[in-house]
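As structure tokens, the structure follows; a few thoughts come after it.
The values are calculated or read from the model by the stated rules, or taken from the named source; none is laboratory data. Note that the structure is predicted; figures quoted are calculated from it, not measured. Cβ placement follows ideal geometry from the backbone for every residue including glycine, while neighbour counts extend to all protein chains displayed.
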Amino acid sequence: MKLERSIAEFARARNVIAGGVNSPVRALGSVGLSPIFMKSGAGAMLYDVDGHEYLDYLMSWGALLLGHAHPAVTRAIVNAASRGTSFGTPTESESQLAELIVSMMPSIERIRFVSSGTEATLSAVRLARGYTGRSKIVKFAGCYHGHGDSFLIAAGSGALTAGVPDSPGVTEGVAEDTIVLPFNDLVAVEEAFATNAGSIAALIVEPYPGNMGLILPRPGYLLELRELCTQHGAVLIFDEVMTGFRVARGGAQAREGVRPDLTTLGKVIGGGLPVAAFGGRAEIMAQLAPDGPVYQAGTLSGNPVAMAAGIATLGVVAADHTLYERLEALALRLTAGLKTSFERHGFPSFVNCAGGMFSIFLTRDEVGDLRGAQATDRSLFAKYFGAMLERGVYFAPSPFESNFLCAAHTPAEIDRTVAATDSALAALLATDERPLRAMHLSGGASEP
Ligand SMILES: *Cc1c(COP(=O)(O)O)cnc(C)c1O
């Protein structure tokens, strides 16, 4: 596969952009490849600068629910831009998008728009701290909440001890206020509340964690978190930046019947433009400036072009009553096909899907937390990813990222993906049989 132009472009980018990319996962480091530079997209397809085309299951990391260059979204963006790109004043479009979101996600009584998921989560946590007058937060190992300091805390520390910074530049003081617990383990949460009585401001969780691959909560787990937060006066924050309008019209909270105090959104609500938001109970949101004392602001927050893309996207969501059922049917068809193919070639796998997102873990055991996810065979994943690229399929470039479907994917494309997997695995076994078999037989994860 010739990727000359992408390789040249990466070298050019590295001369002027730190690491050659504006977000680290784009570098394709975890699959040992050089990034592929894209030129355009249409529906479920991506086109690179070297002339290859790919069936896209990355969908801009989940942001594109309707696919690339959806006509209604494109039209809305062009129309809005022609009227001016930013005014620094309120516009009607902000209320319009807010009304759409509030109507479909009832736990959000008041909302505020920001420009990235990172901004949304760090604003929500500041608000929770301001509202409760407490400083500690609880998060779960493997849940990603953007790159705010409080969230970049190592997963490896003991369940009840204060976290250790995951990145240089995060101070120990910040890390001490973050308690990291294993997902799906209720006892750990009960113990954290008991040990830190009266000092936990918020518990933040991806209700369906999607940043260690897609992991589902055990039945009742999220409701139990809701009850513990209520009992201990902590703010329950659902980080639905990925799952909001992705797994269901009302997000994971609608599927699970749990009402968080605050919710963070991003990705889908911007239709591919930089929009994110946080919102929830009116009483808590009233603490924000200008009504209240908790400061939060943004020069381009609620930008009219970005709002237009969001309104067009959520307008389709509001009108299309079978969208999520169709996406989930496709996800089930694909994950079942992939699982069968992996198993037919002698590789165990565990799959998860919800609405328009799915994951395949190359491991024999059920995956319910970060430790389970880390058992995935990374080396096999990297080989599979590369073999699928050659067959014109672009998956999320890491075994710890979710994949996404859009409204433009078709059953025929799903079947083509399964057939490509059969061919990729057969080719891998033919060329690389001994190391692959050895990995499989040892059953352990091997380093890339
Ligand atoms: C993507 C993501 C974020 C961060 O959003 P950015 O827009 O990349 O800052 C936060 N939380 C979750 C659950 C995400 O998936």
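Condition (residue is under 20 Å from SER95 (Cβ atoms), buried (at least 20 other Cβ atoms within 10 Å of the Cβ), modelled with pLDDT of 95 or more and within 13 Å of the ligand (Cβ to nearest atom)) applied to region 277-295: is it met by at least one residue? Yes, region 277-295 contains a residue that is under 20 Å from SER95 (Cβ atoms), buried (at least 20 other Cβ atoms within 10 Å of the Cβ), modelled with pLDDT of 95 or more and within 13 Å of the ligand (Cβ to nearest atom). Among the candidates THR230, THR264, the residue that is polar (S, T, N, Q) and either in contact (Cβ under 8 Å) with a residue 40 or more places away in the chain or within 13 Å of the ligand (Cβ to nearest atom) (or both) is uniquely THR264. Taking (1) among the acidic types (Asp, Glu); (2) in contact with a strand residue (DSSP E or B) (Cβ under 9 Å, 6 or more places away or on another chain); (3) within 16 Å of the ligand (Cβ to nearest atom) in turn, GLU256 satisfies each apart from (2). Applying the condition of being outside any helix (DSSP H, G or I) and within 14 Å of the ligand (Cβ to nearest atom) to region 109-136 and asking which residue is surrounded by the fewest Cβ atoms within 10 Å (Cβ to Cβ) yields SER116.
If you go through region 424-440 and keep only what is at pLDDT 95 or above and out of contact with any helix residue (DSSP H, G or I) (no Cβ under 8 Å at 6 or more places or on another chain), you end up with just ALA426.
Confirm whether LEU273 is within 16 Å of the ligand (Cβ to nearest atom), farther than 17 Å from GLY355 by Cα, surrounded by fewer than 22 Cβ atoms within 10 Å (Cβ to Cβ) and at pLDDT 95 or above. The answer is yes for LEU273.
Is it true that GLY19 is in a loop (DSSP other than H, G, I, E, B) and either out of contact with any strand residue (DSSP E or B) (no Cβ under 8 Å at 6 or more places or on another chain) or modelled with pLDDT of 95 or more (or both)?
Values: in a loop (DSSP other than H, G, I, E, B): no; either out of contact with any strand residue (DSSP E or B) (no Cβ under 8 Å at 6 or more places or on another chain) or modelled with pLDDT of 95 or more (or both): yes.
Here the answer is no, as GLY19 does not meet what is asked.
Among the residues of region 22-54, just one is among the aromatic types (Phe, Trp, Tyr) and outside any strand (DSSP E or B), namely PHE37.
Could you check how many residues of region 226-245 are among the aliphatic types (A, V, I, L, M) and part of a helix (DSSP H, G or I)? Quick ask: steps written out before the conclusion?
Step one: of region 226-245, the residues among the aliphatic types (A, V, I, L, M) are 228, 234-237, 241-242.
Still in the running and part of a helix (DSSP H, G or I): 228.
The number of residues fulfilling the criteria is 1.
When residues in region 160-194 are screened for being closer than 13 Å to ILE137 by Cα and β-branched (Val, Ile, Thr), 6 of them pass. Of the helices (runs of 4 or more DSSP H) lying entirely inside region 284-394, the ones with 3 or more residues being closer than 20 Å to ASP415 by Cα are found at 323-344, 378-390.
Filter region 58-94 down to residues that are of a type in the set (Phe, Trp, Tyr) and more than 16 Å from the ligand (Cβ to nearest atom), then give me how many there are. Give the derivation first.
Within region 58-94, the first condition is being of a type in the set (Phe, Trp, Tyr), and the residues that meet it are 61, 87.
Among the residues that remain, those that are also more than 16 Å from the ligand (Cβ to nearest atom) are: 87.
The total comes to 1.
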